[in-house]
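Here the structure comes first, spelled out in structure tokens, and everything after it is commentary.
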Amino acid sequence: MNALPASGLAPGFHGLLIPIVFRSGIQSDVLVRVGNTTGRHRHDTDGFHQILKGTVRVSVDEDARLPDQALEVDLGPGDWVWVPAGVTYTLEIVANPATIGYRHN
């Protein structure tokens, strides 16, 4: 099996799509340099993001389904965050080039 280039990533985010199907989901490892950000966005699918290398600042907007759950936290290798479908969030690379493993279902 060969990995395929991931498309539709934010500028500065580079990744490979791992061609393994998890129901209707997608899994990818993404390499990103310091200073890059996804910008505020949301998905129609739940997202699991695991930090493999570097430091990533995760900002999650408050949501009607998650009152008082807005947060901003820096995550490093081994840390992870799960973002439910429809919740607006931002990933910003703040230290070292980062590698992020993500899966959306």
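The values are calculated or read from the model by the stated rules, or taken from the named source; none is laboratory data. Just so it is clear, the model here is predicted, and its values are computed rather than measured. FYI the Cβ positions are ideal-geometry reconstructions off the backbone, even for glycines, and counts take in every protein chain you see. Protein only, heavy atoms only, side chains kept; ligands, DNA and RNA dropped before computing areas. Shrake-Rupley method; radii C 1.70, N 1.55, O 1.52, S 1.80 Å.
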Going by the conditions given, is Thr90 open to solvent by less than 70 Å² (accessible area, probe 1.4 Å), modelled with pLDDT of 90 or more and within 21 Å of Asn105 (Cα to Cα)? yes
Spans of strands (runs of 3 or more DSSP E) in the range 1-79 with at least 3 residues open to solvent by 50 Å² or more (accessible area, probe 1.4 Å) and modelled with pLDDT of 85 or more: 47-60, 71-75
How many residues does the range 27-41 contain that are more than 15 Å from Ile51 (Cα to Cα) and among the small types (Gly, Ala, Ser)? 2
Would you pick out the residues in the range 93-105 that are under 14 Å from Asp29 (Cβ atoms) and open to solvent by 50 Å² or more (accessible area, probe 1.4 Å)? Pro97, Arg103
